[in-house]
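Notes follow the structure.
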Amino acid sequence: MQYELERSTDDMKWCVVLTILCANVLRLQNVVFRGGHCVTCPHPHSFPVPRRRLSVSTHTMAGKSLNSCVFCQICGDNPSGTELLYSSDELVVFKDIKPAAKHHYLVVSREHIPDARAMSSAHKPLLEKMLAAADQVLREQGGDPADVRLGFHWPPFHSVSHLHLHVISPTADMGLIARMIFKQNSWWFVSPEYVMSRL
């Protein structure tokens with residue numbers, strides 16, 4: 001009994017360490033630098049300048065300055081030239097820059113909603129459209145809708161504070177780290193069904 005208790009405590013410690021590590025990796029993937037300083041974290045001098053610098057344009061949508069939101073830029077004038085696989089008045093779909101499997105797409109709302117937790121009952125139709133777009137793009141790109149992982153990163157475990165649905169297929173292609181980052185119905189990655197149940 002004591003061995004089982006010690007083992008579960010050790011497992012919990014490793015889970016916490018991996019969670020913190022994954023959250024920091026996610027946060028660093030999309031750090032935006034301007035003038036050699038980070039503009040997306042609270043302590044601009046705490047991270048070294050990466051080799052690859054992201055350009056940030058001054059783009060406004062609905063009177064709001066969206067310099068630091070990469071997804072708002074892609075939904076707007078798309079200065080990075082990201083290939084859109086699907087586009088409507090409410091959504092865009094494009095490939096994830098760090099794919100976890102052969103098919104890894106992001107379904108992004110054009111409206112700037114910070115994350116899935118910020119959705120309200122008024123967003124139910126939007127969520128349904130996101131799921132329909134995910135299914136359509138996956139089929140068009142040759143993915144298998146029967147072997148797909150769909151989900152949202154739950155705050156604070158997301159790298160971009162703009163609502164986006166991950167569409168990952170086939171799940172067998174996912175590596176160990178990807179399986180941790182996109183672990184279904186964990187504290188940090190939740191299913192669309194869970195989000196719908198909260199609306």
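The values are calculated or read from the model by the stated rules, or taken from the named source; none is laboratory data. Note that the coordinates shown come from a computational prediction; the quantities given were computed from them, not determined experimentally. Neighbour counts run over all protein chains shown; Cβ positions are idealised from the backbone, glycine included. Calculation scope for accessible area: heavy atoms of the full protein, side chains included, ligands and nucleic acids excluded. Shrake-Rupley method; radii C 1.70, N 1.55, O 1.52, S 1.80 Å.
Each row is one residue, and each column tells you yes or no for (1) in contact with a strand residue (DSSP E or B) (Cβ under 6 Å, 6 or more places away or on another chain); (2) more than 22 Å from SER121 (Cα to Cα); (3) not β-branched (Val, Ile, Thr).
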{"position": "ASP147", "(1), (2), (3)": "yes, yes, yes"}
{"position": "PRO155", "(1), (2), (3)": "no, no, yes"}
{"position": "SER159", "(1), (2), (3)": "no, yes, yes"}
{"position": "LEU163", "(1), (2), (3)": "yes, no, yes"}
{"position": "ILE168", "(1), (2), (3)": "yes, yes, no"}
{"position": "ILE177", "(1), (2), (3)": "no, yes, no"}
{"position": "MET180", "(1), (2), (3)": "no, yes, yes"}
{"position": "PRO192", "(1), (2), (3)": "yes, no, yes"}
{"position": "MET196", "(1), (2), (3)": "no, no, yes"}
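Among the conditions (1) without any contact (Cβ under 8 Å) to a residue 60 or more places away in the chain; (2) part of a strand (DSSP E or B), the only one that ILE168 does not satisfy is (1). The set of residues in segment 107-126 that are crowded, with 21+ Cβ neighbours inside 10 Å and either among the polar types (S, T, N, Q) or touching a residue at least 60 places away in the same chain (Cβ under 8 Å) (or both) comprises VAL107, SER109, ALA116.
When restricted to residues that are out of contact with any strand residue (DSSP E or B) (no Cβ under 6 Å at 6 or more places or on another chain) and among the aliphatic types (A, V, I, L, M), segment 127-137 contains 3.
Selection of first residues in segment 71-93 that are of a type outside the set (A, V, I, L, M, F, W, C) and of second residues that are part of a strand (DSSP E or B) and open to solvent by 40 Å² or more (accessible area, probe 1.4 Å), restricted to Cβ pairs under 6 Å at least 6 apart or on distinct chains, gives the following pairs, ordered by first then second residue: GLY76/MET61. Of all the numbered requirements in (1) basic (Lys, Arg); (2) under 16 Å from the mean Cα position of the chain (by Cα); (3) surrounded by 15 or more Cβ atoms within 10 Å (Cβ to Cβ), ARG179 misses one, and that requirement is (3).
Of all the numbered requirements in (1) of a type outside the set (D, E, K, R); (2) out of contact with any strand residue (DSSP E or B) (no Cβ under 6 Å at 6 or more places or on another chain); (3) within 23 Å of LYS183 (Cα to Cα); (4) surrounded by 15 or more Cβ atoms within 10 Å (Cβ to Cβ), HIS104 misses one, and that requirement is (2). Please specify each residue of segment 79-133 satisfying the condition of being among the hydroxyl-bearing types (Ser, Thr, Tyr), closer than 17 Å to LEU199 by Cα and in contact with a helix residue (DSSP H, G or I) (Cβ under 8 Å, 6 or more places away or on another chain). Once the filter is applied, which keeps residues that are among the hydroxyl-bearing types (Ser, Thr, Tyr), closer than 17 Å to LEU199 by Cα and in contact with a helix residue (DSSP H, G or I) (Cβ under 8 Å, 6 or more places away or on another chain), segment 79-133 yields only SER109. Identify, from the list ILE177, ILE181, the residue that is at pLDDT 90 or above and touching a helix residue (DSSP H, G or I) at 6+ places or on another chain (Cβ under 6 Å). The match here is ILE181.
Which pairs do you get when a residue that is under 16 Å from ALA118 (Cα atoms), found in segment 175-195, comes within reach of a residue that is assigned to a helix (DSSP H, G or I) and open to solvent by 40 Å² or more (accessible area, probe 1.4 Å), reach meaning Cβ atoms under 8 angstrom, with the pair 6+ apart or on two chains? These pairs meet every condition: PRO192/LEU131. Note on segment 132-143: residues that are touching a residue at least 40 places away in the same chain (Cβ under 8 Å), surrounded by fewer than 17 Cβ atoms within 10 Å (Cβ to Cβ) and assigned to a helix (DSSP H, G or I) amount to 2.
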